[in-house]
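What follows is a structure written as structure tokens; I'll ask about it next.
The values are calculated or read from the model by the stated rules, or taken from the named source; none is laboratory data. These numbers come from a predicted model, not from an experiment. Neighbour counts run over all protein chains shown; Cβ positions are idealised from the backbone, glycine included.
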Amino acid sequence: MHRFFIPKPFKQEMQITGRDAHHIIDVLRMVPGDQLQVVADDGISFLGVIAAVTTNTVTVSAKEILRETHEPDVCISLLQGLAKGEKMDLIIQKAVEIGVTDIFPVSMAHSVVVLENSKAEKKVERWQKIAEAAAKQSKRDIIPAVHEVMTLGQILQKEKWDLLLVAYESENRVSLKEALQAHKEAKAIGVVIGPEGGLSNEEVEATKKKGGIAVSLGRRILRTETAGLVAAAAILYETDNLGI
């Protein structure tokens, strides 16, 4: 069943407008009486029935509140080094599907991609749309936020997590599993992933100074578009949030 997000608090009757209304009316060809799922911005999701359709608006009446949550009880922030080409699109799409809470695109020392301010804003706008589409497809109860492009230092200055991990290919003592088992109480976890060129020593040390722990993701070296997804899936599995 199709799922849509409405950026307003829950009411018994709600309106879907904009691109989503166009999609419902002109692409899905839905009509009054058809059912869909809706998530209000206060986190309430419900099974809705289309009550009326006009040119640009779909009015939905709440039929049943959906109690089951699709969200993990651990919040994962992916601090992803900027990747070239369409890799960032893929990373964001799959990270949202897996269950990541928010994504920080990070301009790093070894990043191949350099985004100027105006270009960065357009990229973030595009990535947020990808996150929204992935959230709908995977039946998320939230649309994970894609933050503005920043350096790692800027992010570490502004944000805090219960547990901050940095996936580092030179780390051979502490595994991701060991770090998670040593911090089972952590409910907000940040994961730093380097770009194609890898993390600089300075970036690793800066993360450690903020309490971060360098961890290994296994015996093989993973590409940047693989590493964050593996880390997120492993965290959800280890915290019993993957549901398999």
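Name the one entry in Glu171, Glu178 that is in a helix (DSSP H, G or I), assigned by TED's automatic domain parsing to the domain that holds Met88 and in contact with a strand residue (DSSP E or B) (Cβ under 8 Å, 6 or more places away or on another chain).
Glu178
Find the residue count for segment 140-180, including only residues that are under 27 Å from Ile221 (Cβ atoms) and either touching a Cys at 6+ places or on another chain (Cβ under 7 Å) or among the polar types (S, T, N, Q) (or both).
Count: 4.
Here's another thing I want to ask about it. What number of residues within segment 192-222 are in contact (Cβ under 8 Å) with a residue 12 or more places away in the chain and either of a type in the set (Lys, Arg) or within 14 Å of Pro72 (Cβ to Cβ) (or both)?
Qualifying residue count, segment 192-222: 2.
Given (1) in a helix (DSSP H, G or I); (2) in contact (Cβ under 8 Å) with a residue 24 or more places away in the chain; (3) surrounded by fewer than 22 Cβ atoms within 10 Å (Cβ to Cβ), where does Glu125 come up short, assuming only one miss?
Going through (1) in a helix (DSSP H, G or I); (2) in contact (Cβ under 8 Å) with a residue 24 or more places away in the chain; (3) surrounded by fewer than 22 Cβ atoms within 10 Å (Cβ to Cβ) one by one, Glu125 breaks only (2).
How many residues, within segment 56-88, are of a type outside the set (S, T, N, Q), in contact with a helix residue (DSSP H, G or I) (Cβ under 6 Å, 6 or more places away or on another chain) and without any contact (Cβ under 8 Å) to a residue 60 or more places away in the chain?
Residues in segment 56-88 being of a type outside the set (S, T, N, Q), in contact with a helix residue (DSSP H, G or I) (Cβ under 6 Å, 6 or more places away or on another chain) and without any contact (Cβ under 8 Å) to a residue 60 or more places away in the chain: 1 in total.
So, one more: For Val192, only one of the following conditions fails: (1) closer than 21 Å to Ala95 by Cβ; (2) assigned to a loop (DSSP other than H, G, I, E, B); (3) assigned by TED's automatic domain parsing to the domain that holds Met88. What is its number?
The single condition Val192 does not satisfy is (2).
Now a separate question. Can you tell me which residues in segment 154-168 are part of a helix (DSSP H, G or I) and either exposed (fewer than 14 other Cβ atoms within 10 Å of the Cβ) or touching a His at 6+ places or on another chain (Cβ under 7 Å) (or both)?
Once the filter is applied, which keeps residues that are part of a helix (DSSP H, G or I) and either exposed (fewer than 14 other Cβ atoms within 10 Å of the Cβ) or touching a His at 6+ places or on another chain (Cβ under 7 Å) (or both), segment 154-168 yields Gln157, Lys158.
Another question, if that's okay. Kindly evaluate Ile221 against the criterion of being surrounded by fewer than 18 Cβ atoms within 10 Å (Cβ to Cβ) and either within 17 Å of the chain's Cα centre (by Cα) or in the same structural domain as Val96 (by TED's automatic domain parsing) (or both).
When the stated conditions are applied, Ile221 passes them.
Further question: Quick one: Glu148 ticks every box in (1) closer than 29 Å to Val39 by Cα; (2) part of a helix (DSSP H, G or I); (3) charged (D, E, K, R) except a single one, so which number is it?
(2)
Are any residues in segment 197-244 more than 14 Å from Leu152 (Cα to Cα), part of a helix (DSSP H, G or I) and among the polar types (S, T, N, Q), and if so, which ones?
Within segment 197-244, Thr224, Thr226 meet the criteria.
Which ones in segment 74-99 are within 22 Å of Ala186 (Cβ to Cβ) and either outside any loop (DSSP other than H, G, I, E, B) or touching a Gly at 6+ places or on another chain (Cβ under 8 Å) (or both)?
Scanning segment 74-99 gives Cys75, Ile76, Ser77, Leu78, Leu79, Gln80, Ala95, Val96, Ile98.
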